[in-house]
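Below is one structure, written out as structure tokens; comments come after it.
The values are calculated or read from the model by the stated rules, or taken from the named source; none is laboratory data. Just so we're clear, the structure is a prediction, and the values are computed from it rather than from any experiment. In this analysis, Cβ positions are derived from the backbone assuming ideal geometry, glycine residues included, and neighbour counts consider all displayed protein chains.
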Amino acid sequence: LIVMRMLCQRQKEVQSRLSNDSDECRSLVDCFDAKDLKIMEIIGHGRYGTVWRGAVAPDRDVAVKVFNQQSQNYFFNERDIYCLPLMDHPNIVVYLGCDERIGHNEFVEHRVFLNYHPIGCIQDYLRNNPLDWSVFCKMGQSVARGLSYLHTYIKKGDYLKPAVAHRDINSRNILVKSDLSLCICDMGFAMQIDGAHYVFSGEQQHAETSSLTDVGTLRYMAPEVLEGAVNLRECEAALKQVDVYALSLVLWELATRCFDLCVSSNKVSLYKMPFEAELGPHIDFERLQNLVCRLKARPLFPEFWRENNPAIRLLRETIEDCWDQDSEARLTAVCVEERFTEMTILWERTKDSDAATGDNTGNSSVIT
Ligand code: ADP
Ligand code: MG
Ligand code: MG
């Protein structure tokens, strides 16, 4: 209750700062001033608006997410999530501030300012770039770390960060940083969760987003979401499990583009979205529901993977554990992060033994 009170208080502060300030451009973060901003080119289209590259100084770009009039609920939600205490983390995109202004056509326009990542989202990166093992691990572990941080309740001095469910994990909502680690963005659907309770900032304004499970990206929806069978009495655990299911599909996307997993590195598959092979680039609800819920099907692993390599086996098991039909049997995001450390150790050991046996395919060496 104390946590919730503090959070509500914090949100009221944020909201009152926004509504008391009469400047045309109102930034909530001192270090960033939207007055110096020059809007450059479009860098992304989402469902609720457009993301632009903006220049604030000759060598300083920012990403500007502009919400259209009908999507202001998502703007308020996204802003409130980024403004929670202790949201700074290397694997969560850096929020710089937001403003509200009269845009073209006299409509109120809401904008969120974020650190700009020129490489863009991981889906686009994977389409154009295969990965080696070390980049694959860095990417997989960093996104798991970002999600586990988001999911964790943290208390540091007077600051409390509630557990947050993202509710729209997918490869377009994960950005590639310049060192090729990943960070999570798009908090439009994210929600504070606490046991059986959930908090939505300024509830009345957010009526559209207040439903717990009818959001997200269809392709990434867990079986229990597709069936409308999420256990709302334990919503904290249930919503984390839904995020972990979506994470498993992202890990599968990363893994299918890693050439070091293949018997021969020139065999790596072309990028495909999850279930694209089965259902095509545009999916409909009923076919997906039939595949995921009734047939319990999941994306297939490439046949030409090095089956006997223990690190690859652990990777496969990890992905399978995360997309388990039984949501309670899924791993937590913290556990996924740890599995990547184990995989790295196994990989290194196998490499040594491959070198000793002169086997560079990794096929014949099994370490138990
Ligand atoms: P929506 O809520 O409409 O889906 P997103 O926040 O997901 O909007 O942004 C849409 C797209 O814009 C992303 O998929 C990504 O390609 C791009 N994008 C978003 N934020 C950034 C950023 N900080 N740096 C670079 N590209 C970004
Ligand atoms: Mg998005
Ligand atoms: Mg969104």
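Of all the numbered requirements in (1) assigned to a helix (DSSP H, G or I); (2) in contact (Cβ under 8 Å) with a residue 60 or more places away in the chain, residue 117 misses one, and that requirement is (1).
Among the residues of region 133-183, those identified as in contact (Cβ under 8 Å) with a residue 12 or more places away in the chain, among the polar types (S, T, N, Q) and more than 16 Å from ligand 2 (Cβ to nearest atom) are 141, 142, 148, 152, 178, 181.
Scanning region 71-85 for residues that are in a helix (DSSP H, G or I) and more than 10 Å from ligand 3 (Cβ to nearest atom) returns 72, 73, 75, 76, 79, 80, 81, 82. The residue of region 311-340 that is farthest from residue 293 (Cα to Cα), among those that are surrounded by 16 or more Cβ atoms within 10 Å (Cβ to Cβ) and among the aliphatic types (A, V, I, L, M), is 311. Residue pairs whose Cβ atoms lie under 6 Å apart, sitting 6 or more positions apart in sequence or on different chains, and linking a residue in region 325-347 that is closer than 22 Å to residue 163 by Cβ to a partner that is part of a loop (DSSP other than H, G, I, E, B) and charged (D, E, K, R), are 330/324. Counting only residues that are of a type in the set (Val, Ile, Thr) and modelled with pLDDT of 95 or more, region 98-129 holds 3 of them. So is residue 95 touching a helix residue (DSSP H, G or I) at 6+ places or on another chain (Cβ under 8 Å) and modelled with pLDDT under 95 or not? Considered against the rule, which asks whether it is touching a helix residue (DSSP H, G or I) at 6+ places or on another chain (Cβ under 8 Å) and modelled with pLDDT under 95, residue 95 comes out as no. Among the residues of region 124-166, just one is within 12 Å of ligand 1 (Cβ to nearest atom) and closer than 18 Å to residue 331 by Cβ, namely 166.
Among residues of region 43-54 that are under 18 Å from residue 122 (Cα atoms) and in a strand (DSSP E or B), those with a Cβ under 9 angstrom from a residue that is near ligand 1 (Cβ under 6 Å from one of its atoms) and among the hydroxyl-bearing types (Ser, Thr, Tyr), sequence gap 6+ or separate chain, pair up as 43/116; 53/116.
With the structure loaded, tell me whether residue 80 is more than 13 Å from ligand 1 (Cβ to nearest atom), in contact (Cβ under 8 Å) with a residue 12 or more places away in the chain, touching a Cys at 6+ places or on another chain (Cβ under 8 Å) and charged (D, E, K, R) or whether it fails that test. In short, no.
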